[in-house]
1. Please work out which residue is farthest from residue 720 (Cα to Cα), limiting yourself to region 730-771 and to residues that are among the β-branched types (Val, Ile, Thr) and out of contact with any Phe, Trp or Tyr (no Cβ under 6 Å at 6 or more places or on another chain).
2. Restricting attention to strands (runs of 3 or more DSSP E) lying wholly within region 83-198, give those where 3 or more residues are of a type in the set (Val, Ile, Thr) and either modelled with pLDDT of 80 or more or closer than 30 Å to residue 347 by Cα (or both).
3. Step by step: first the residues of region 582-596, then only those that are modelled with pLDDT of 90 or more and surrounded by fewer than 17 Cβ atoms within 10 Å (Cβ to Cβ), then the one that is nearest to residue 516 (Cα to Cα). Which residue is that?
4. Restricting to region 329-359, and then to whatever is without any contact (Cβ under 8 Å) to a residue 40 or more places away in the chain and surrounded by fewer than 18 Cβ atoms within 10 Å (Cβ to Cβ), can you tell me which residue is farthest from residue 957 (Cα to Cα)?
5. Does region 446-477 hold any residues that are in contact with a His (Cβ under 8 Å, 6 or more places away or on another chain) and crowded, with 19+ Cβ neighbours inside 10 Å, and which are they?
6. Against the condition over 27 Å from the mean Cα position of the chain (by Cα), under 30 Å from residue 309 (Cα atoms) and buried (at least 20 other Cβ atoms within 10 Å of the Cβ), how does residue 395 come out, does it pass?
7. Being buried (at least 17 other Cβ atoms within 10 Å of the Cβ), touching a His at 6+ places or on another chain (Cβ under 8 Å), among the hydroxyl-bearing types (Ser, Thr, Tyr) and touching a residue at least 12 places away in the same chain (Cβ under 8 Å): is that true of residue 510 here?
8. Does at least one position in region 811-832 carry a residue that is closer than 21 Å to residue 993 by Cα, in contact with a helix residue (DSSP H, G or I) (Cβ under 9 Å, 6 or more places away or on another chain) and not in a helix (DSSP H, G or I)?
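The values are calculated or read from the model by the stated rules, or taken from the named source; none is laboratory data. Bear in mind the structure is a predicted one, so any value in this text is a computation, not a measurement. Neighbour counts are summed over all protein chains in view; Cβ atoms, including those assigned to glycine, are modelled from backbone coordinates with ideal geometry.
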Amino acid sequence: MMKYYGRIWLLCLLLTGISFGVLAQRVITGKVTSVADGSPLPGVSVLVKGTTNGTSADAEGQYRLSIPTSGTVTLAFSFIGLEPQEITVGTNRSVVNVEMAESATELNQVVVTGYNQTQRKDVIGSIASIKSDVYKDVPVVGVDQALQGRAAGVQVSQSSGTPGGGISIRIRGNTSISASNSPLFIVDGVPVQVGAVSGRDFGGQRDNTLAIINPNDIESLEVLKDASAKAIYGSRGANGVVIITTKRGRNNKTTITADVQRGVTQIIKRPQLLNSSQLVELQREAITNAGQDPDKQGIIAGVTDGVDTDWVDAVLRQGILQQYQISAAGGNDRTRFYLSGSVRDEEGVQLNNRFTRYSGALNLDHKATSKLSFGANINMAISKNNRVKGDNFLDGVYSGAIKSLPFYAPFNEQGQLYGPNSIGYAGFPNFNPVAQAVLPRFVTHGLKMIVGVNADYEIIKNLRFRTKFSMDYNNAEEDQYESSGTAIGGFLQGVGGKGYGVYITSTSYTLINSNVLTYYLSLNENHHFNVLLGNEIIHSQGRSSDVTGRLFPSDDFTYINSAGIVDAGGSFFGQNGLLSFFGEVKYDYKDRYLLGFTSRYDGSSRFGQNRRFGLFPSASAGWRISQEKFMENARFISDLKLRGSFGFTGNERIGNFQYLGTWASATYNGATGVGPNNLSNPNLQWERTREANVGFDASFWNGRFSVTADAYSNLTDNLLFAEPIPLTTGFGSIQGNIGQISNRGVELTLSSVNVDREVRWSTDLNLTHNVNNVAMLANQDTLFRGYSGNGVGGTNAVLQGQPLGTFWGLKFMGVDPATGDAIYEDVNGDGRISPEDGQVIGNAQPKLFGGFTNSVSYKGFDLSVFFQFMYGNKILNFTNTSLLNTGSDIQDNQSIAALRRWQQEGDVTDIPRYVLGNTYNSFHSSRFLEDGSYLRLKNISLGYNLPARWVTRAKMGSVRVFASATNLWTLTAYSGPDPEVSTLDGSTTAQGIDFFTLPQVKTIMGGVTVKF
């Protein structure tokens, strides 16, 4: 019996012990909110320090966690982009509310990495981040301009000073000869169309789709540069990826922001040309040197130069820039919004040139339940671009003004413009540049919409699914008319002298559906996994049509339906699709050892059935040395991380249906039929770039000084290129995959906080050195590109062993002091100068480029000074083939440099003698090639935030006034107006040519930003 009671007693003791063990737990609850606006912070990790016991805040920021009853514990709160906190909880505390602030250090800043995001300190790829604050006072038209000089490895060149004009962007060099070299732009997860809005370029210059997107609506930019960062975009990632994140609302009181900017613009430098008297003297000398009588040709001093017109001054003006924007942002713990509207109006420095943009944005985020949330984004812009002809057009405005003889005037005595039927009209090739500016109508109406809707659902804890449907829609209408007072509409005989009209419409859109599954797993507080799986379907479609008319009844009837003859037109339709599957796995051990694996499998309709699908994998690794025990005594090192990556990306941006054997309409002997147009190539495939990258990130003294360095080696093979074939086949080429291009380089980014007291002074510097090389072509033949060169095959050449952008021509050895004739190198030694003596004379690739920024703040004042530079590149001053033509003709004005020409025996100069009709001295040679290096004060801005006590009296939140100047000063040895321009906008093989290109503009502006 006693034995029985003993067992019962023992069982009771055990049950009591278990009960005590269960009851020895208490529950801690609380809410995690933002210190900035009080909004809840879902997803924040709450962990009992030193254990695996933890939880996460729900959609309302609430959390609940069981902890031991006895003793104190430390709760660790952490989340991406927020400052981590540790709070000690005693035995008598059951509620712990926490306010968390955004991280002030760069290491904890959030970086968007494709379909996901991470902290800067955990990035093991090469990614550059640019916040909108760095360009808030810079009058950039588009987001592409905002990138210039701001990130290592990113080369941005503005092709001209035309408002809304083209921008060239290259990330780690040129990777292709024929396919696009522009990076992929992603706006809020939507891949957007880049390039020209209109279908007609004016002398090589195009307009720019990205100029339609308002930079003031952008929160941040991320530039993905190596394979580990961009392989998630597979066949579209070879040229780099620019991820644009627009502004969104927060859980706070609605804030209304009004922003006003106004300023003036003018070109940075005007070309120096001869006046009438100087030109008459030069022309008479050229005619006399040719053994002719200048009087008989009507070139008479005191008569011919009776009129002295400064044509450049006649077609240029001081432009006016103005921009107005109002935005509202706010929300509550369930719904947040951002809404903005903006007007930008930029009057160009050329007469009749103007760019106007109306834009709006709406971003919505809504939490339906603790697990389900929705989002939507709409960005829409309408633009009107009043264009003028430019660059190498004979009837261009700026180009015509430079070339035109000063002997003629724009207006007659009655103040009327001289036209083709006027006695005082210059005719071919001068025309009347003022009339060419003000009489034609070249209006491009653009519409761009970027729309997306998404839904996010948390299936189980840390497992989330997102689906997104989006569209990029583009429409353009070009309304053009050249009156009878213009060169085309009134002078060109083939048109008929009674006006010429063109109307072009184009519509394109891209539909995208992406589905992404993400899972985060943490084991034992040491092992962290982040897994992403997804698929994407992209469909693009485009339509365009055009029609031309001539013989209008008068210049009062300017539309096509009034044309006497409508004899030209066309229409086009094209479409393509992309089917993709992708995945990513990231792992870190104790935040010390990091690994990443990414892969994308793409199928494109642009390639042959045998090579339609391609795999683009990458792997990366990082080692945070600063977390090792042997680094504990190096307390001045905040973070030190080594990283490396290897992988493959692709390029599929060529025309549609090029793998097909196509037929096209043909006319023979008055009969219409069809005939073969292209040969088929079922093996046509993507360009593939093999990319290797090593680098390190270091931060010292709690972020006071940081260094990021990268070295990379990229090799692109299977180049999409029209391979030459014998003409006996009936075709000149077949689209194939031949050749290789390599890019190798180093990048360095330095950031420092030099003074951090009442005065704060910080410095940012980025440097890039890239070596581009055509590693292999189908054969050793020279492929000429660019313009035809007098005396040689072309101005540019694509050659194995040379970089893209190589200049070709004769080597100019100087001027013979005895005869005044040019001396060229006789390469083949045959005793005469011929096209066979052409050789490589330089290249447009810079040896070094970058940007340098100093920012100073003191109390309410802030000052920013930004320099941008390029070193070691050559620029072809092709304008001088006309302005220093040594007398090959006397139809163009000449540069003031012609005053130092050779005139008599013994003269030592670099300008040969002028002889009418002599083309030898003006052969295309290195005489026209110059050093294109420059250092430019890109922007200087000064701002002041009014004291809060003043602002609150007026019931405003804050007021900031600022003044800004852009392109204020340039240091360069280049003799032309601007070393940055490039006539053939966006060209890969013929970059760095200045051929009557409008230089950049200098902008001086002021503005005020008011928040309510």
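1. If we filter region 730-771 for residues that are among the β-branched types (Val, Ile, Thr), which is where we start, we get 734, 738, 741, 746, 749, 753, 755, 759, 763, 768, 771.
Now restrict to residues that are out of contact with any Phe, Trp or Tyr (no Cβ under 6 Å at 6 or more places or on another chain): 734, 741, 746, 749, 753, 763, 771.
Numbers: 734: 10, 741: 11, 746: 27, 749: 33, 753: 46, 763: 42, 771: 21 Å.
Restricting to residues being among the β-branched types (Val, Ile, Thr) and out of contact with any Phe, Trp or Tyr (no Cβ under 6 Å at 6 or more places or on another chain), the top hit is 753.
2. Values: elements: 85-89, 98-100, 110-112, 117-119, 127-131, 154-158, 167-171, 184-187, 190-192.
So the answer is 85-89, 167-171.
3. Initial filter on region 582-596 (modelled with pLDDT of 90 or more): 582-589, 592-596.
Applying the additional criterion that residues be surrounded by fewer than 17 Cβ atoms within 10 Å (Cβ to Cβ) yields 585, 587, 589, 592-593, 595.
Values: 585: 13, 587: 19, 589: 25, 592: 27, 593: 26, 595: 21 Å.
Checking each candidate, the answer is 585.
4. Applying the filter and picking the extreme gives 356.
5. Matches in region 446-477: 476 only.
6. Working: over 27 Å from the mean Cα position of the chain (by Cα): yes; under 30 Å from residue 309 (Cα atoms): yes; buried (at least 20 other Cβ atoms within 10 Å of the Cβ): yes.
Considered against the rule, which asks whether it is over 27 Å from the mean Cα position of the chain (by Cα), under 30 Å from residue 309 (Cα atoms) and buried (at least 20 other Cβ atoms within 10 Å of the Cβ), residue 395 comes out as yes.
7. Working: buried (at least 17 other Cβ atoms within 10 Å of the Cβ): yes; touching a His at 6+ places or on another chain (Cβ under 8 Å): yes; among the hydroxyl-bearing types (Ser, Thr, Tyr): yes; touching a residue at least 12 places away in the same chain (Cβ under 8 Å): yes.
Here the answer is yes, as residue 510 does meet what is asked.
8. Within region 811-832, the subset closer than 21 Å to residue 993 by Cα is 811-812.
Applying the additional criterion that residues be in contact with a helix residue (DSSP H, G or I) (Cβ under 9 Å, 6 or more places away or on another chain) yields 811-812.
Now narrow it down to the ones that are not in a helix (DSSP H, G or I): 811-812.
Looking through region 811-832, at least one residue is closer than 21 Å to residue 993 by Cα, in contact with a helix residue (DSSP H, G or I) (Cβ under 9 Å, 6 or more places away or on another chain) and not in a helix (DSSP H, G or I).
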